[in-house]
Amino acid sequence: MTVSTIEAIYAEVLRRNPAEKEFHQAVREVLESLEPVLARHPEYTELKTVQRICEPERQIIFRVPWADDRGEVQINRGFRVEFNSALGPYKGGLRFHPSVYLGIIKFLGFEQVFKNALTGMPIGGGKGGSDFDPKGRSDAEIMRFCQSFMTELYRHLGEYTDVPAGDIGVGGREIGYLFGQYKRITNRYESGVLTGKGLGWGGARVRTEATGYGAAFFAEEMLAARGSSLDGQTVVVSGSGNVAIYAIEKVTQLGGRAIACSDSSGYVVDERGLDLDLLKQIKEVERGRLSEYTERVRHARHVTGGSVWDVPCTVAVPSATQNELDGEAAQTLLRNGLVAVSEGANMPSTPEAVKLFLAAGIAYGPGKAANAGGVATSALEMQQNASRDRWTFEHTEARLRDIMRDVHASCAAAAEEYGDPGNLVLGANITGFVRVADAMHAHGLV
Ligand code: GLU
């Protein structure tokens, strides 16, 4: 009975949202976990809670015109999907990448709803972005784009309404330009309207590090539940952006040896452990390519193209982008002795890879749980903004550590309660869903 309900809901999602394959994938994965919940709670079926959760509360699509450095007019498309506000204001990042279209933003927004619920913080879920490609653009172009983007988006935002942050292609520099334009248009110094701000003007300590640190903490929790730890593990991290860099930093502090990371043109392997200062210099200061690493570290090797998942490791932290780790990569990793995967990116493993990890019984932390540290620390930033307070690095990191411990504990408890101990996909989906669904029920037919 419930299986056919779920199939019918999924068929309707496909019909209503054609040609949005990433959104379909994200919905499918959650729906597959919900059968035992619907069996126990007939009210979710009666009140069509699942169907309501799959439909965003509001979807905004807008034109973003701007002039490049040569004076040529450019036109991009901007998005903000305000998915669910049952638990708090819409919260979620902005992604600037040429691959962005409505299906990507909806998949990210949908994931964000459950992830944010898992953090236990008072935040709803949303996501936004643009098909703008920041690669090769000057600072001045980035600023003009951000200003034009915010000139439309500002009317939908507010510290109690919708609070964006960064994602791929949006970091501290972009948040600065976006905040400046919001402040100018509204004539309000509304610090809590954006998170990921600079430390000198309302930003929170640890926010930059939080997603990567959180993914490392989550790996540590999963391993501890199995009587192990990160100490002595060989770790491969994909990507070399903000999430990857700080995952490497925390994994290393916890005794792991991070030996490889990647960017869109290839990957670098340093068997002695990646030199973090050099990585930060290349990626954060120079905004350069990873291939430059081997020019300065002679014993390291750079592979152009190929898959970073070919590098043997015991712990994998996919921190690049969606669907970057497929079935074939999962098989290679498992053959090489993988014991844990902690996802720093959103939906980096394909459904086939997830199936293989779960079947192999390794520790698998899905993104909506493992990378929740970023948005959780955004909520801590909002908390500091609301109370006009500033916390120390140590205090904030301790809060993040506790939140990640709680996220893991609730996912593990739900997996146990619903009869599949250790299955954190099930645990994360059920926990997130029940928290959002119960709040929606309390609010009436919304
Ligand atoms: N983009 C991040 C995520 O995927 C952070 C969102 C936020 O801090 O609002 O969770």
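The values are calculated or read from the model by the stated rules, or taken from the named source; none is laboratory data. Worth saying up front: this structure is predicted, and the values here are computed from it rather than measured. So basically every Cβ, Gly included, is an ideal-geometry build from the backbone, and we count neighbours across all protein chains shown. Please note that ligands, DNA and RNA were not included when accessible areas were found on the heavy atoms of the full protein model with its side chains. Shrake-Rupley method; radii C 1.70, N 1.55, O 1.52, S 1.80 Å.
Of note:
- The helices (runs of 4 or more DSSP H) located wholly in segment 335-390 that include 2 or more residues which are within 16 Å of the ligand (Cβ to nearest atom) occupy 367-370, 372-386.
- If you go through segment 321-361 and pick out every residue that is open to solvent by less than 40 Å² (accessible area, probe 1.4 Å) and on the phi < 0 side of the Ramachandran plot, you end up with 21.
- Residue check for residue 30: out of contact with any strand residue (DSSP E or B) (no Cβ under 8 Å at 6 or more places or on another chain) and of a type in the set (A, V, I, L, M): yes
- Some residue of segment 46-57 being under 15 Å from residue 435 (Cα atoms), of a type in the set (A, V, I, L, M), assigned to a helix (DSSP H, G or I) and modelled with pLDDT of 95 or more: yes
- Residue 13 falls short on exactly one of the conditions (1) within 16 Å of the ligand (Cβ to nearest atom); (2) touching a Cys at 6+ places or on another chain (Cβ under 6 Å), and that condition is (1).
- Yes/no for residue 269 being touching a helix residue (DSSP H, G or I) at 6+ places or on another chain (Cβ under 8 Å) and either surrounded by fewer than 24 Cβ atoms within 10 Å (Cβ to Cβ) or within 22 Å of residue 329 (Cβ to Cβ) (or both): no
- Which listed residue is hydrophobic (A, V, I, L, M, F, W, C) and under 19 Å from residue 364 (Cβ atoms), from 315, 285, 303, 297: 315
- Within segment 407-426, being of a type outside the set (A, V, I, L, M, F, W, C) and either within 22 Å of residue 42 (Cβ to Cβ) or outside any helix (DSSP H, G or I) (or both) holds for 417, 418, 419, 420, 421, 422, 423.
- Filtered by the rule that a residue be of a type in the set (S, T, N, Q), more than 10 Å from the ligand (Cβ to nearest atom) and buried (at least 22 other Cβ atoms within 10 Å of the Cβ), segment 82-125 gives 84, 85.
- Residues of segment 397-412 satisfying the condition of being in contact with a helix residue (DSSP H, G or I) (Cβ under 7 Å, 6 or more places away or on another chain), open to solvent by 20 Å² or more (accessible area, probe 1.4 Å) and aliphatic (A, V, I, L, M): 412
- Residue 18 vs. criteria over 23 Å from residue 431 (Cβ atoms) and part of a loop (DSSP other than H, G, I, E, B): yes
- In segment 218-245, the residues that are among the basic types (Lys, Arg) reach residues that are outside any loop (DSSP other than H, G, I, E, B) with C-beta atoms within less than 9 angstrom, at least six apart or across chains, in these pairs: 226/340; 226/363.
- For segment 166-206, residues that are under 20 Å from residue 400 (Cβ atoms), surrounded by fewer than 17 Cβ atoms within 10 Å (Cβ to Cβ) and not small (Gly, Ala, Ser) total 1.
- For segment 129-165, a residue qualifies if it is open to solvent by less than 10 Å² (accessible area, probe 1.4 Å) and either touching a His at 6+ places or on another chain (Cβ under 9 Å) or at pLDDT below 95 (or both), and the qualifying residues are 129, 130, 132, 162.
- Residue within segment 309-318 that is outside any strand (DSSP E or B), free of Cβ contacts under 8 Å to residues at least 40 places away in the same chain and open to solvent by 10 Å² or more (accessible area, probe 1.4 Å) present: yes
- Scanning segment 61-81 for residues that are open to solvent by less than 20 Å² (accessible area, probe 1.4 Å) and of a type in the set (Val, Ile, Thr) yields 64, 81.
- Residues of segment 289-299 that are open to solvent by 10 Å² or more (accessible area, probe 1.4 Å) and either in contact (Cβ under 8 Å) with a residue 60 or more places away in the chain or not charged (D, E, K, R) (or both): 291, 294, 297, 299.
- Residues of segment 111-138 that are part of a loop (DSSP other than H, G, I, E, B) and either small (Gly, Ala, Ser) or touching a Leu at 6+ places or on another chain (Cβ under 7 Å) (or both): 120, 122, 123, 124, 136, 138.
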